[in-house]
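K.L.:
If you scroll down you'll find the structure; I have some questions about it.
Quick note: the coordinates plus some simple rules give every number you see, no bench work behind them. Keep in mind that this is a model prediction, so the values were computed, not measured. Ideal geometry is used to build each Cβ from the backbone, glycine not excepted, and the neighbour counts take in all protein chains shown.
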Amino acid sequence: MIYSVFQFLAKKFKGKSLVIDSRFSSSYLVYKLFQFILKRIRGWIFFPTKYDKGLLLGKRVSLISKSMFVLNGTGYHIDDDAYIDATSKEGIQMGNNISIQKRVIIECTGSLSKLGVGLWLGDNVGIGSNSFLGCAGGISIGNDTILGNFVSMHSENHNYTDKTTPIRLQGVQSKGIKIGSNCWIGAKATILDGVRLGDGCIVAAGAVVIEGTYPENSILGGVPAKIIRSR
């Protein structure tokens, strides 16, 4: 019975069937179902007018500037202790079936001196636990792209050319970050401002990707990251 319930919920909220490993105990699945119900209730409390969007919210989630969240589809899971500040020109725009895992931080504006640009997420995007997305310069992530744990993206750079003025007082510049569809960003990778990553790319765990345009289906690794080969 419990397996059928999970399959029904997966179909309803994710739009696809779910095959559950039969080795999971019924008690564990009941626990997961209970967590699902609690997250659904929190989603309704935070966004009562968007209940039909299927929003699941974990414990201690902070959502700043809720009016700037644009939910263009259904199926949203924001897990425990996530902090998301959508304050920016364009806010946060999400497609269908978005998963934001535990302790993710998303900041769309870096300081009060400059309003940030925002974040765009395509369909079926997953952001791993403890990741940080600094979206002041704008970050766009295409459909079916997944980010591992502890991934960081920084869409701004400090100016530093004036040696007589402290770097912290020289302001910032930004070109934004664009990640294509069907990409896999490995755990602890860092993506810096000005990166244009083509569709189907893979970034190795721990890599630091610097400003540049990388063709589709590239596999990148290293510090700074270089194209190792093509898929």
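K.L.:
Before anything else, pin down the relative contact order of region 126-194: Cα pairs under 8 Å, at least 6 apart, normalised by residue count, whole percent. Don't jump to the answer; show the numbers that get you there.
P.N.:
Numbers: 164 pairs, mean separation 27.7, N = 69.
40 percent.
K.L.:
Within a 10 angstrom radius of the beta carbon, how do 64, 219, 177 rank from fewest other beta carbons to most? Please report the intermediate quantities before stating the final value.
P.N.:
Values: 64 15, 219 18, 177 27.
Final ranking by Cβ density, sparse to dense: 64, 219, 177.
K.L.:
So how do 83, 28 line up by other beta-carbon neighbours within 10 Å, fewest first? Can you show the working numbers first?
P.N.:
Values: 83 15, 28 11.
Lowest to highest Cβ neighbour count: 28, 83.
K.L.:
If you plug each phi of region 165-178 into the Karplus form 6.51 cos²θ - 1.76 cosθ + 1.60 with θ = phi - 60°, what whole-Hz ³J(HN,Hα) values come out, in order, with x for Gly and Pro?
P.N.:
Using θ = phi - 60°, the values come out as 10, x, 4, 5, 9, 8, x, 9, 10, 8, 10, x, 10, 10 Hz.
K.L.:
Using a 10 Å cut-off around each Cβ, can you sort 145, 165, 109 from fewest to most neighbouring Cβ atoms?
P.N.:
Working: 145 24, 165 12, 109 21.
Lowest to highest Cβ neighbour count: 165, 109, 145.
K.L.:
Let me have the 222 nm mean residue ellipticity of the chain computed from DSSP H runs of 4+ only, each contributing -39500 (n - 2.57), with the sum over all residues rounded to the nearest 500.
P.N.:
Numbers: 2 runs with 34 residues, N = 231.
One gets -5000 deg cm²/dmol as the mean residue ellipticity at 222 nm.
K.L.:
Below 8 Å between Cα atoms, with a sequence gap of 6+, how large is the relative contact order for the chain in percent? Please report the intermediate quantities before stating the final value.
P.N.:
Details: 643 pairs, mean separation 22.4, N = 231.
Normalised by residue count, the contact order of the chain is 10 percent.
K.L.:
Hey, with R₀ at 41 Å, roughly what FRET efficiency would residue 168 and residue 36 work out to, going by the Cβ-Cβ distance, to 0.05?
P.N.:
Values: r = 45 Å, r/R0 = 1.09.
Calculated value: 0.35.
K.L.:
Specify the angular offset, from 0 to 90 degrees and rounded to the nearest 10, of the alpha carbon long axis of helix 2-14 from the longest principal axis of the alpha carbons in the chain.
P.N.:
Roughly 40 degrees, rounded to the nearest 10.
K.L.:
Now, a different point. Taking amide H positions as placed in the peptide plane 1.01 Å from N, state which residues far from residue 194 in sequence (5 or more) or on other chains have amide H under 5 Å from it.
P.N.:
175, 176, 177
K.L.:
Right, another one. Apply the Karplus parameterisation 6.51 cos²θ - 1.76 cosθ + 1.60, with θ equal to phi minus 60°, to every residue of region 85-94 and state each ³J(HN,Hα) to the nearest whole Hz, in sequence, with x for glycine and proline.
P.N.:
Those phi angles translate into 10, 8, 4, 4, 5, 9, x, 10, 10, 10 Hz.
K.L.:
Roughly how many nanometres apart are two label points built 7 Å out from the Cα toward the Cβ at residue 4 and residue 90?
P.N.:
With each label point 7 Å from Cα toward Cβ, the separation is 4.6 nm.
K.L.:
For residue 62 and residue 19 in the same chain, what is the full-extension length gain: residue separation times 0.36 nm, less their Cα-Cα distance, in nm? Before the final figure, lay out the partial values.
P.N.:
Working: separation 43, 0.36 × 43 = 15.48 nm, distance 3.20 nm.
Extra length available between residue 62 and residue 19 comes to 12.3 nm.
K.L.:
If one takes the longest principal axis of the Cα atoms in the chain, at what angle in degrees, from 0 to 90 and to the nearest 10, does the Cα axis of helix 26-46 lie?
P.N.:
60
K.L.:
A further question on this structure: Once the other residues with Cβ under 14 Å from the Cβ of residue 66 are scored (Lys, Arg +1; Asp, Glu -1), what is the net sum?
P.N.:
On the way: positive: 42, 50, 53; negative: 85.
The answer is +2.
K.L.:
Still on this structure, I have one more. Provide the net charge surrounding residue 131, with neighbours chosen by a C-beta distance below 15 Å and charges set as Lys +1, Arg +1, Asp -1, Glu -1. Mind dumping the intermediate values first?
P.N.:
Working: positive: 102, 103, 188; negative: 79, 80, 81, 85, 107.
My count for the surroundings of residue 131 gives -2.
K.L.:
Using the Cβ atoms and a cut-off under 15 Å, what net charge is assigned to the surroundings of residue 195, where Lys and Arg are +1 and Asp and Glu are -1?
P.N.:
Working: positive: 175, 178, 196, 226; negative: 156, 193, 199, 211, 216.
Charge balance near residue 195 sits at -1.
K.L.:
Take the chain, connect every pair of alpha-carbon atoms lying under 10 Å apart with a spring to form a Gaussian network, then pick out the residue of 34, 150, 46 with the largest mean-square fluctuation.
P.N.:
Looking only at 34, 150, 46, the biggest GNM fluctuation is shown by 34.
K.L.:
Further question: Which one of 37, 146, 20 has the biggest mean-square fluctuation once the chain is modelled by GNM with Cα springs under 10 Å?
P.N.:
For the chain, modelled as a Gaussian network with Cα springs under 10 Å, the answer is 20.
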